[in-house]
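Trainee: The structure under discussion is supplied below as structure tokens; questions concerning it will follow.
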Amino acid sequence: MPKARRIAMVVAPALVLLIVAVIVLILSSGRDATETAAGPATSDGLPAELREAVTLEGIMDHARRFQRIADEHSGNRAAGTPGYDASAAYVANELREAGYEVKVQRFEFPASAATLDAELREMGVPDAREYALGTDFAPMEGTPGGEVRASLRPVDEGSPTSGCEAGDFAGFVRGDVALLRRGVCTFGTKARNAEAAGASAAIVFNDGEPQGEVLFGELDGPPTGIPVLGTSATVGEDLLARDGASGVRVFVGDTGANSTTNVIAQTRGGNEDETVMVGAHLDSVPQGPGINDNGSGSATVLEIALQLAEIDPQPKNRVRFAFWGAEEIGLLGSRHYVENLSDNEIEDISAYLNFDMLGSPNFVRSVYEGPDEVEGVFSEYFDEKGIQTETNSALDGRSDHGPFQDEGVPTGGLFSGAGGTKTRNQQEAFGGEVGAPFDACYHQECDDIENLNEKSLDQLSDGAAHATAVLAQS
């Protein structure tokens, strides 16, 4: 064989290999550039694996567990109550079994209505009734403690303005207990007017609402010096039927400090200088089990944590999951956590993602307005999937991302709507009923396992898993 031909036969395959290598290098460089500019491709790697692993059924299993806990503990999971403690224990145990480093952070908070001991019973009549705490009545949020035994006196009977004006108390006997209807003015106004008229305590009943629904109220404005209770309409009508003939015993126990917990878990590996935090509040309001608000968010965060531990227990960046206590009474758990971080520890948090209500029945798909490097992760994912979203600036600081935002940590999150009503534009974008609340059971007893919209929960949990994975490896 001629020498030139032999050389050509050797060079040709080498040239082909060189050309292939150059093409691969160019394609790889292009892919890397794309991933750097817009985040890792959504079809490959950890984001896709985590989205697939985080299923609606897995999230619903946790939500059903929260419902059972509430059913076993007076119907709620409010901060400082056995229902909350059981929820926190469940979450902590699941995370430990998955291999996380788990810290249960205890902190004190002012006593809330959900944790107060209280009594209401009639006196001085043959068939005197004793009413059930939580079922028939509840202390108002912000009430002082105390014990009163006195005659019951209706104020401006039959009017929803009952107790709203000082004149309503004309002829009121000092030392009596004022019986007031809900309506028109705030509970704090009614209570302060009653105190000024000499009332020793005040009872406000839930006029105009379903007969059995207890009034869980909050005293606004300057504090009062008398105990204040809220009752159901049924109890109010019972007391009115006595026509002032009976006395009552009103008792509200110690209103000193109480305590509750945050549950914090983090991966055992990953760059701690780029820690990604993912959180949701675990407590409910006293009125109900809180399965949408916020069992939906905490169940989603828990399932993301458990599935990440299976897929990649040591991601590139450290991931820290947080389940906050006492959000419903002022973001107290997340505030306590942030206030106890050093400046260096705050600087190590590259982003905080918050998930507070993901399964509202008349849902929207809201992305928190925030820094591009966080908001864009959500927006680009939903855009690629052809799922319409809206950017919501009204959420600024209103949930547990607030304390992080105040310290300059980039924040973001998802939200399906609370007590507001759906606009025409939102109805066209997301379906549902225009003019109706996003969640008609918001902060009510009916916020139970039947109150979740599974379509919303499924779509938003995918977005939550995706963002967690992207930031964990970016």
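Trainee: What is the gain in length, in nm to one decimal, between Glu97 and Cys185 on full extension, counting 0.36 nm per residue of separation less the C-alpha to C-alpha distance?
Mentor: Here the segment from Glu97 to Cys185 would lengthen by 26.6 nm.
Trainee: Roughly what % of DSSP beta bridges within region 135-267 run antiparallel, to the nearest 5?
Mentor: In region 135-267, DSSP labels about 40 percent of beta bridges as antiparallel.
Trainee: Output wanted: per-residue J couplings in Hz (rounded whole) for region 461-474, from phi through Karplus 6.51 cos²θ - 1.76 cosθ + 1.60, θ = phi - 60°, x for Gly and Pro.
Mentor: 5, 4, x, 5, 5, 4, 4, 4, 5, 4, 6, 5, 10, 8
Trainee: Quick one: if the Förster radius is 45 Å, what FRET efficiency do Glu345 and Glu130 give, using the C-beta to C-beta distance and rounding to 0.05?
Mentor: Once the sixth-power term is evaluated, E becomes 0.30.
Trainee: Give the accessible surface of region 322-425 per residue, rounded to a whole number of Å², with probe radius 1.4 Å and ligands, DNA and RNA excluded.
Mentor: Ligands and nucleic acids excluded, the result is 40 Å² per residue.
Trainee: Angle check, please: helix 82-97 long axis (alpha carbons) against the longest principal axis of the chain (alpha carbons), in degrees 0 to 90, nearest 10.
Mentor: 20
Trainee: Then there is this: What nm distance separates the two modelled labels at Asp406 and Gln314, each placed 7 Å from Cα along Cα→Cβ?
Mentor: A separation of 3.7 nm, rounded to one decimal place.
Trainee: Just how many % of Cα pairs in region 102-163 lie over 14 Å apart, if you round to the nearest whole percent?
Mentor: 72
Trainee: Give me the mean projected area, in nm² to one decimal, of the convex hull enclosing the Cα positions of region 281-340.
Mentor: Result: a mean projected hull area of 4.8 nm².
Trainee: Separate question: So for the pair Glu165, Asp117, with labels modelled 7 Å out along Cα→Cβ, what separation do we get in nm?
Mentor: About 4.2 nm, to one decimal.
Trainee: Moving on. Can you order the peptides 190-202, 126-138, 58-70 by their average number of other Cβ atoms within 10 Å per residue, highest first?
Mentor: 190-202, 58-70, 126-138
Trainee: Right, another one. At a Förster distance of 22 Å, what's the computed FRET efficiency of Glu384 paired with Glu52, Cβ-Cβ distance as r, to 0.05?
Mentor: 0.90
Trainee: Helix 297-311: angle to the longest alpha-carbon principal axis of the chain, degrees 0 to 90, nearest 10?
Mentor: Taking the Cα atoms of the chain, the angle to 297-311 is about 30 degrees.
Trainee: Here's a follow-up. Could you check the spin-label model distance between Asp44 and Ala440? Points 7 Å from the Cα along Cα→Cβ, value in nm.
Mentor: Spacing of the two 7 Å Cα→Cβ label points: 4.8 nm.
Trainee: Let me ask something else about it. Stretched out fully, how many nm does the piece from Ser151 to Glu433 gain, at 0.36 nm a residue minus the Cα gap?
Mentor: Details: separation 282, 0.36 × 282 = 101.52 nm, distance 4.83 nm.
So the chain would gain 96.7 nm between Ser151 and Glu433.
Trainee: Please give the contour-minus-distance gain from Asn271 to Asp396: 0.36 nm per residue of separation, less the Cα-Cα distance, rounded to one decimal in nm. Don't jump to the answer; show the numbers that get you there.
Mentor: Values: separation 125, 0.36 × 125 = 45.00 nm, distance 2.85 nm.
Full extension from Asn271 to Asp396 adds 42.1 nm.
Trainee: Okay, next question. By how many degrees, between 0 and 90 and to the nearest 10, does the Cα long axis of helix 3-38 differ from the longest principal axis of the chain?
Mentor: With rounding to tens, the tilt is 20 degrees.
Trainee: Quick one: pull the percentage of alpha-carbon pairs in region 158-273 with a separation above 21 Å.
Mentor: Summing the P(r) of region 158-273 above 21 Å gives 44 percent of all pairs.
Trainee: Please work out the Cα center distance from region 302-349 to region 413-474, rounded to the nearest Å.
Mentor: Rounded to whole Å, the Cα centres lie 22 Å apart.
Trainee: Could you check how much of the accessible area of region 330-474 is carbon and sulfur, as a whole percent, using a 1.4 Å probe?
Mentor: The nonpolar share, carbon plus sulfur, comes to 40 percent.
Trainee: So, R0 is 22 Å and r is the distance between the beta-carbons of Arg64 and Glu213; what FRET efficiency does that work out to, to 0.05?
Mentor: Taking R0 as 22 Å, the efficiency between Arg64 and Glu213 is 0.35.
Trainee: What 222 nm value per residue comes from the helices of the chain, counting each DSSP H run with n ≥ 4 as -39,500 (n - 2.57) and dividing by all residues, nearest 500 deg cm²/dmol?
Mentor: Mean residue ellipticity at 222 nm (helix-derived): -11500 deg cm²/dmol.
Trainee: For region 253-376, what's the radius of gyration and Dmax over Cα atoms, in angstrom?
Mentor: 15.7, 51
Trainee: I would also like to ask the following. Which lysines have a Cα less than 24 Å from the Cα of Lys103, not counting those fewer than 8 places away in the same chain?
Mentor: Partners found: Lys316.
Trainee: How much accessible area per residue does region 183-234 have, in Å², with a 1.4 Å probe?
Mentor: 35
Trainee: Report which label in (1) 21.1, 70; (2) 28.4, 126; (3) 27.4, 99 holds the value of Rg and Dmax of the Cα atoms in Å derived from the coordinates of this structure.
Mentor: Only one option fits the structure, namely (2).
Trainee: On the accessible surface of region 68-145, probed at 1.4 Å, how many percent belong to carbon and sulfur atoms?
Mentor: About 45 percent, which is the carbon plus sulfur part of the accessible surface.
Trainee: Using the Cα gyration tensor of region 317-369, with a ≥ b ≥ c the square roots of its eigenvalues, what is the shape: rounded (a/c below 1.5), prolate (a/b larger than b/c) or oblate (neither)?
Mentor: Note, shape of region 317-369 comes out oblate.
The values are calculated or read from the model by the stated rules, or taken from the named source; none is laboratory data. Only a predicted model underlies this, so the values are computations on that prediction, with no experimental measurement involved. Every residue, glycine as well, gets a Cβ built from its backbone with ideal geometry; the counts of neighbours run over all protein chains shown. Just so you know, the surface numbers come from the protein's heavy atoms only, side chains and all, with ligands and any DNA or RNA stripped out. Shrake-Rupley method; radii C 1.70, N 1.55, O 1.52, S 1.80 Å.
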